[in-house]
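Since the structure comes first, as structure tokens, the remarks are kept for the end.
The values are calculated or read from the model by the stated rules, or taken from the named source; none is laboratory data. Nothing here was measured: the structure is a model prediction, and the numbers come from that model. Counting neighbours? That spans all protein chains shown, and the Cβs are built from the backbone with ideal geometry, glycine included. The protein model used for the area step is the full one, side chains on, heavy atoms only, and it has no ligands, DNA or RNA in it. Shrake-Rupley method; radii C 1.70, N 1.55, O 1.52, S 1.80 Å.
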Amino acid sequence: MSAFFGYVILGISLAAPIGPVNAAQITKGIYGGFGHAWLVGLGAMLADAIYMAIVYLGVFHFLETPFMQTLLWSFGCFVLIYTGVDSIINAKKEIKMNKMKNDSLKKSFFYGFLLSITNPLSMMFWLGIFGSVLAKTVTTYDLDHVILYSLAIFVGLFIWDVTMAFISSSFRKVLTAKLLGLISAISGLSLIGFGLYFGVQAIKLLFF
């Protein structure tokens, strides 16, 4: 159970850094309400699911080799630490929220999907991070646990999606640049922590 919640936290950490999707959710939430912000996040989650399926189908059967495990742990370490540092560096940047005409709920969903699916970093995220997760679980647990922990990541993504939609639509006065910067910095530290853990696993495979 503790491992499950660990992957839930990983999912939240992946979603929390202030980027295109979160910025879109904030804007949609402030000027369109909860439903628009929530559907932007769900659209992004669909893109994440597609990337996860691609990684799962293409990499899963090759993860038992030490070379692949080391490569995935190392790549995951790099992606997480890079993203965490970038999140902290950009924590003080103000997010501009320009008022925009409300679109339909369907448009908000596809807007979030397109933001995520066309982001060059998305594939990099899932190749490194989800590949690293598979590298750990496939050698320790059976297929059922691999699926369970994959779902745990999406639980984390969903929790953050609902949280962002609720905050942006209900507590508009709280959404200051300082608060968003604090969220981004905390998320960055969490990602760096996961990255260091992945790095330790890669070192163990290489030298021990």
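Odds and ends about this structure:
- Lys92, sole failed condition from (1) modelled with pLDDT of 70 or more; (2) over 30 Å from Phe67 (Cβ atoms); (3) surrounded by 13 or more Cβ atoms within 10 Å (Cβ to Cβ): (1)
Each row is one residue, and each column tells you yes or no for (1) surrounded by fewer than 19 Cβ atoms within 10 Å (Cβ to Cβ); (2) modelled with pLDDT of 85 or more; (3) of a type outside the set (Gly, Ala, Ser); (4) not in a helix (DSSP H, G or I).
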| position | (1), (2), (3), (4) |
| --- | --- |
| Ser150 | no, no, no, no |
| Val155 | yes, yes, yes, no |
| Phe166 | yes, yes, yes, no |
| Ile186 | yes, no, yes, no |
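- Selection over region 24-64 of residues that are charged (D, E, K, R) and modelled with pLDDT of 80 or more gives a count of 1.
- Matching residues in region 10-23 - criterion: being at pLDDT 75 or above and touching a Phe, Trp or Tyr at 6+ places or on another chain (Cβ under 9 Å): Leu10, Gly11, Ile12, Ser13, Ala15, Asn22
- Residues that are open to solvent by 70 Å² or more (accessible area, probe 1.4 Å) and of a type in the set (A, V, I, L, M), drawn from region 64-88: Leu71
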